[in-house]
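Taken together, the values in this text are just the output of simple stated rules run on the coordinates, not laboratory data. Note that the structure is a prediction, hence the values are computed from the model and not measured. FYI the Cβ positions are ideal-geometry reconstructions off the backbone, even for glycines, and counts take in every protein chain you see.
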Ligand code: TYD
Ligand code: MG
């Protein structure tokens with residue numbers, strides 16, 4: 001009997017080695033090598049068959065025809081926007097997220113909404129009746145949706161040939177396996193091989209494919225990093241499982257920007273799109289509470305007013321604690337240092353806790369000013385005047401710096417009934433909008449803003 005051939009694979013980057021290694025030479029991760037069986041690739045795959053009939057040849061860039069309507073609208077506006085304006089035919093989209101966050105629910109809803117197209121939903125995790133029950137819970141019906149519970153990739157391809165779907169959904173990539181690779185499903189070589197096969201399938205047939213992927217404890221997509229390199233688009237579904245909000249964001253997109261954001265709310269009848277997030281994110285505001293400031297941020301193309309809450313209290317034990325949720329903690333430390341050095345506030349012996357309401361994570365530097373103001377508001381126990389919001393970056397010298405797309409931020413604040421917005425005076429140049437109700441307050445330094453608010 002022939003000896004089974006094995007090799008070691010790095011679970012982090014997918015590097016292969018004939019023997020076990022403590023440290024991966026390719027990605028420098030420790031203890032990531034795991035032994036897997038490598039089989040011969042004699043089994044027929046999707047690509048072998050079509051390769052006989054299809055031969056590719058080089059074409060000049062100018063001669064490549066562009067089809068005008070190249071996007072498939074999924075019917076879900078949040079998802080369409082995150083994908084960059086709809087689903088691109090022949091694209092491979094990876095949807096990642098923690099267990100229980102709602103990946104299967106989201107994909108099932110999309111499948112039910114795509115009524116004009118035949119959708120094949122392949123599940124390796126749930127039975128057909130479980131999926132049927134979920135569809136009933138969502139309360140929608142579709143006669144163009146087919147459910148297949150199968151994990152063998154070759155059998156999935158057989159079904160595709162008979163059903164001829166226009167969209168394929170695989171739930172999840174970690175459960176499918178191909179007999180061409182001898183290791184167990186979910187292992188590096190299986191995931192890599194199956195993704196490769198599905199990629200070839202998508203490109204050859206122009207059928208878009210959604211892959212659902214699991215996430216590891218550290219928040220990375222389970223499987224090799226190459227999985228992310230192989231697919232066209234990586235979208236992450238995240239949120240606090242105890243809160244009902246879910247955020248969809250792109251971390252890679254070959255067909256659009258990666259800064260788009262989709263917001264959903266989980267109900268007992270499925271996910272609902274949130275089209276006016278600002279109103280929800282700041283609705284629970286109690287006026288007169290210190291430590292709360294509203295920042296006008298922009299996520300992707302969307303202005304978003306967010307509530308920043310801070311709590312500053314004297315440190316009871318030696319080293320003061322600094323903790324922030326939804327905001328970069330190094331940036332918080334920088335702002336605290338600026339307030340201490342330039343503003344003369346004694347924050348060195350205070351615990352500082354910062355939280356962005358709604359479980360959002362904001363990277364936009366334009367909320368710096370709101371963060372700084374909310375910290376001082378809590379320190380001094382003085383509430384920020386009602387209907388005020390902030391949109392500016394704070395520099396190391398305590399200066400207020402200009403931010404991009406200030407017009408959309410001001411318009412959003414006005415739309416939501418704010419009465420004053422603090423911005424940088426450098427943003428005034430070229431500002432050409434007419435505001436009726438909102439007062440624009442340009443400033444050049446942090447202490448000017450603070451003395452204006454807490455007079
Ligand atoms: P699910 O889509 O199974 O998550 P994933 O595929 O990411 O593991 O959804 C899981 C959670 O969503 C589950 O705990 C129940 C909840 N849920 C609702 O609250 N309302 C609903 O209508 C549905 C379908 C699910
Ligand atoms: Mg699931």
Query raised in the report: Quick one, what does Rg over Rh come out to for the chain if you take C-alpha atoms and the Kirkwood Rh?
Result: 1.04
Query raised in the report: Cα convex hull of region 298-381: how many Å³ per residue?
Result: 89
Report summary line: Rounded to the nearest 500, the 222 nm mean residue ellipticity computed for the chain from DSSP H runs (n ≥ 4, each -39500 (n - 2.57)) alone is -7500 deg cm²/dmol
**Report entry** Label-point gap, in nm, between residue 184 and residue 349 - each point 7 angstrom along Cα→Cβ
**Finding:** 5.8
Query raised in the report: By average Cβ neighbour count within 10 Å, what is the ranking of 270-278, 203-211 from highest down?
Result: 203-211, 270-278
Requested in this report: Mind pulling the angle between the C-alpha long axis of helix 153-163 and the longest principal axis of the chain? Nearest 10 degrees, somewhere in 0 to 90.
Outcome: 90
Query raised in the report: Could you give the angle, 0 to 90 degrees to the nearest 10, between helix 128-138's Cα long axis and the longest principal axis of the Cα atoms of the chain?
Result: 30
Requested in this report: Measure nothing fancy, just the Cα-based angle from helix 368-379's long axis to the longest principal axis of the chain, in degrees from 0 to 90, nearest 10.
Outcome: 60
Report task. Could I get the Rg over Rh figure for region 243-319? Both from C-alpha atoms, Rh via Kirkwood, rounded to two places. Result -> 1.10
Query raised in the report: Within the chain, what percent of beta bridges assigned by DSSP are antiparallel, to the nearest 5?
Result: 50
**Report entry** DSSP beta bridge pairing in region 218-376, given as percent antiparallel to the nearest 5
**Finding:** 90
**Report entry** Residues in region 180-211 that a label on residue 16 would reach, taking backbone N under 16 Å of a point 7 Å out along Cα→Cβ
**Finding:** 180-184, 187-197
Query - Spin-label proximity, residue 425 to region 343-366 - amide N less than 19 Å from point 7 Å beyond Cα toward beta carbon - result: 343
Requested in this report: Using packing as a proxy for protection, rank 145-155, 163-173 so that the peptide with the highest average count of other Cβ atoms within 10 Å comes first.
Outcome: 163-173, 145-155
Query raised in the report: Between residue 137 and residue 242, how many nm apart are label points set 7 Å from Cα along the C-beta direction?
Result: 2.1
Requested in this report: Determine the distance separating the Cα centre of region 239-307 from the Cα centre of region 95-165; give it in Å without decimals.
Outcome: 27
Query - Label-to-label distance, nm, for residues given as residue 317 and residue 254 (7 Å Cα→Cβ offset) - result: 5.0
Query raised in the report: Want the number for residue 162 to residue 434: 0.36 nm per residue separation, take away the alpha-carbon distance, what's left?
Result: 92.0 nm
Requested in this report: Quote the Stokes-Einstein diffusion coefficient, in whole µm² s⁻¹, for region 279-453, based on the Kirkwood radius over alpha carbon pairs, a temperature of 25 °C and a viscosity of 0.890 mPa s.
Outcome: 154
Requested in this report: Pull out the extension gain between residue 289 and residue 206, defined as 0.36 nm times the separation in residues minus the alpha carbon to alpha carbon distance; nm, one decimal.
Outcome: 24.4 nm
Query raised in the report: When the Cα centres of region 345-379 and region 383-441 are compared, how far apart do they sit, in Å?
Result: 18
Requested in this report: Starting from the Cα of residue 454, move 7 Å in the Cα-to-Cβ direction to define the label point; list residues of region 315-339 whose amide nitrogen is under 12 Å from there.
Outcome: 339
Report task. State, in angstrom, two size descriptors of region 91-201 derived from its alpha carbons: Rg to one decimal place and Dmax to the nearest whole number. Result -> 13.8, 41
Query raised in the report: In region 279-453, what % of DSSP beta bridges are antiparallel (nearest 5)?
Result: 55
Report task. Multiply the residue gap between residue 330 and residue 363 by 0.36 nm, knock off their C-alpha separation, and tell me the result in nm, one decimal place. Result -> 10.7 nm
